[in-house]
Amino acid sequence: MQSQYQAQFDTLYKEGQAEFQFVDYDPPAFVIIGKQVALQMTLRNTLRFDIEKSSIYKRAAQTFDLFLAPKLKDVLEKIPNDNAIALYDFSVVNLLTSSMGAKERSEAVEFILPAALARQFADNEITNQALIDKSQVLLNGVCIALNLQLVE
């Protein structure tokens, strides 16, 4: 599948660096997650978070609601809608600052979304919470539960 879509991924990667904040070191690629084919993409969040003023859950919720969700429809329009792709794996790198003067660092929030539901969300057929409820959210590799409204 990778070779079948490589030209499309190359274009997506080039455009995605400017339009979607794809990182320059990890182009879109297929990976296997739990015996299912996933299209993995890594983006750099344009939002910055003060680590002392936000919880991991609030950062994860804001990463989805304020950064990934608004881009999702446009990203999905540029990638194959192939039934063989079961999942989309969006890894988002958040920059963490500190009001206490500590060194800036980062964290990764990974959203593993069922492909069909991600497309329903992009078409405004389901809510953000309905999508998150059927997805996996990992923070630095640890699976977390995420209720978007409760963390606000």
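The values are calculated or read from the model by the stated rules, or taken from the named source; none is laboratory data. These numbers were taken from a predicted model, which means no experiment stands behind them. No Cβ is skipped: glycine too gets one built from the backbone with ideal geometry, and neighbour counts run over all protein chains shown.
Quick one: how many residues across region 106-118 are in a strand (DSSP E or B) and either hydrophobic (A, V, I, L, M, F, W, C) or at pLDDT below 90 (or both)?
5
For region 35-57, name all the residues that are surrounded by fewer than 16 Cβ atoms within 10 Å (Cβ to Cβ) and within 18 Å of R105 (Cβ to Cβ).
T46, L47, R48, D50, E52, K53, S55
For region 113-128, name all the residues that are among the small types (G, A, S) and without any contact (Cβ under 8 Å) to a residue 24 or more places away in the chain.
A116 - this is the single residue of region 113-128 that is among the small types (G, A, S) and without any contact (Cβ under 8 Å) to a residue 24 or more places away in the chain.
Look at K71 and say whether it is of a type in the set (K, R), farther than 16 Å from Q136 by Cα and either crowded, with 17+ Cβ neighbours inside 10 Å or modelled with pLDDT of 90 or more (or both).
It is true that K71 is of a type in the set (K, R), farther than 16 Å from Q136 by Cα and either crowded, with 17+ Cβ neighbours inside 10 Å or modelled with pLDDT of 90 or more (or both).
Residue-by-condition table, conditions (1) more than 21 Å from L131 (Cβ to Cβ); (2) β-branched (V, I, T); (3) under 16 Å from the mean Cα position of the chain (by Cα):
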position: E19; (1), (2), (3): yes, no, yes
position: D26; (1), (2), (3): yes, no, yes
position: K35; (1), (2), (3): yes, no, no
position: M41; (1), (2), (3): no, no, yes
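For region 131-152, how many residues meet the condition of being surrounded by 14 or more Cβ atoms within 10 Å (Cβ to Cβ) and over 16 Å from the mean Cα position of the chain (by Cα)?
Adding up the residues that qualify gives 1.
Looking only at residues in region 119-130 that are in a loop (DSSP other than H, G, I, E, B) and of a type outside the set (D, E, K, R), which one is surrounded by the most Cβ atoms within 10 Å (Cβ to Cβ)?
I126
What pairs can you find where one residue is in region 130-152 and of a type in the set (D, E), the other is surrounded by 11 or more Cβ atoms within 10 Å (Cβ to Cβ), and their Cβ atoms are less than 8 Å apart, with a gap of 6+ or different chains?
Hits for this filter: E152/K58; E152/A61.
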